[in-house]
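Visitor: Here it is: the structure, laid out below.
Rule-based calculations on the coordinates, nothing more; no lab input. Owing to the predicted nature of the structure, the values given are computational and were not obtained by experimental measurement. No Cβ is skipped: glycine too gets one built from the backbone with ideal geometry, and neighbour counts run over all protein chains shown.
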């Protein structure tokens, strides 16, 4: 509950009234959100420890006393898995029930958060047999912010601003690379296109630290081609585990600002986006020149041909390395299987068509030829941007 506001008279009383009302309103919202989530949890779960009424009475008492409440371990796991199920941009949701949930809600200091992120990568990588995993750190509570991870993913390659027009490495990482250097990170010498960024973490008290990612937790795959030796000269590589780390996990009126999670890569994510987007590595023309494709006109379809061979190289390289990776045709079929399962369970399956349809050969995949329920940004559980209200 709010502390007493200093001051007397009408002005002080009005200010105190506003603060108390704000706290009560926040508590009401938390209870309303908790009710909705706990109702869903009980509807979909078997044999909870206590009755729904008992659980809501516990939560109500805790919210009245502290302004927040604590999810049980089972509620946390359910909320994290359903947040994946609700992720409208993810084509791999068929596997949502298999998400491995690591409960680290007592951890909020930057060094401890970093250590657990590294352990997350070890448990998720498993030598290439990638396991969908989430690690949930301390939540935001009234008057106290949980930890934040500034990196977009636990593993990302640095983007060095050489001047106003040129970036070496991944342009997507330029901002956090600059921040890491300002915090004291020493980039390798010479600079490279695939230098693994350190983690930039804000913990308790707002203190921000930078922590190098140990080499033993980063599994990388050299990208080669089954037919074209010229790919060796490009010296490309990519990391095995795409662990998103700049999204908050939100459900039941509670927000966990640091909750890195991963599935495994789809071939097109690397070959048709990370390597080729103009605002990423922009390698399409480089690949086309290596393949000696005629580039005098777009009518030769050199872009399409280079794109397909680059995706082939990525898929083949991951397969050869024994690292889990799906392909856009198989995953499209599996996604439609997920849609059918959801409908049989009495649920709709919201999907962002522009993300579900792969960036190559869209019309040749099953997901292209239908529409989906519109995503609802208010649905919880969900993964939400850190700057978005819960």
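Visitor: Label points 7 Å out from Cα along the Cβ direction at residue 163 and residue 286: separation in nm?
Guide: Using points 7 Å along Cα→Cβ, the separation is 1.9 nm.
Visitor: What ranking do 133, 178, 268, 324 get, fewest neighbouring Cβ atoms within 10 angstrom at the top?
Guide: Numbers: 133 22, 178 14, 268 25, 324 18.
Fewest to most other Cβ atoms nearby, the residues stand as 178, 324, 133, 268.
Visitor: Output the 0 to 90 degree angle, nearest 10, between the alpha-carbon long axis of helix 52-66 and the longest principal axis computed from the alpha carbons of the chain.
Guide: Value to nearest ten degrees: 80.
Visitor: Choose one answer from 345, 45, 361: the residue with the largest mean-square fluctuation in a GNM of the chain with alpha-carbon springs under 10 Å.
Guide: 345
Visitor: Okay, moving on. Quick one: work out Rg over Rh on the C-alpha atoms of region 79-152, Rh as Kirkwood radius.
Guide: Working: Rg = 13.6 Å, Rh = 13.7 Å.
Taking Rg over the Kirkwood Rh, I get 0.99.
Visitor: What are the radius of gyration and Dmax of the chain, computed over its Cα atoms and given in Å?
Guide: Looking at the chain, its Cα Rg and Dmax stand at 23.6, 83 Å.
Visitor: As a footprinting exposure proxy, order 307, 219, 266 by other Cβ within 10 Å, with the fewest listed first.
Guide: Ranked by crowding around the Cβ, least crowded first: 219, 307, 266.
Visitor: Taking the chain as a Gaussian network, where each spring joins two C-alpha atoms under 10 Å apart, which residue of 376, 140, 319 fluctuates the most?
Guide: With Cα springs under 10 Å in the chain, the top fluctuation among 376, 140, 319 is at 376.
Visitor: For region 77-99 and region 192-211, what is the centre-to-centre distance using only Cα atoms, to the nearest Å?
Guide: 27
Visitor: As a test of the formula, what do you get for the chain when each DSSP H run with n ≥ 4 contributes -39,500 (n - 2.57) and the sum is divided by the residue count, at 222 nm and rounded to the nearest 500 deg cm²/dmol? Mind dumping the intermediate values first?
Guide: Numbers: 10 runs with 142 residues, N = 390.
Taken over the chain, the calculation gives -12000 deg cm²/dmol.
Visitor: If we count other beta carbons within 10 Å of each Cβ, what is the order of 183, 283, fewest first?
Guide: Ascending Cβ contact count within 10 Å gives the list 183, 283.
Visitor: Moving to a separate point now. State, to one decimal in nm, how far the label point of residue 39 lies from the label point of residue 300, with both points 7 Å from Cα in the Cβ direction.
Guide: So the label points at residue 39 and residue 300 sit 6.3 nm apart.
Visitor: Further question on the same structure: Mean-square fluctuation check for the chain, GNM, Cα pairs under 10 Å: which of 208, 300, 125 is largest?
Guide: 300
Visitor: Here is a further query. I need to check one value: relative contact order of the chain, counting alpha carbon pairs closer than 8 Å and at least 6 residues apart, in percent. Numbers along the way, then the final one.
Guide: Details: 682 pairs, mean separation 73.7, N = 390.
Value for the chain: 19 percent.
Visitor: Can you tell me the FRET efficiency between residue 237 and residue 376 if r is taken as the Cβ-Cβ distance and R0 is 51 Å, rounded to the nearest 0.05? Before the final figure, lay out each step's value.
Guide: Numbers: r = 39 Å, r/R0 = 0.76.
For residue 237 and residue 376, the calculated efficiency is 0.85.
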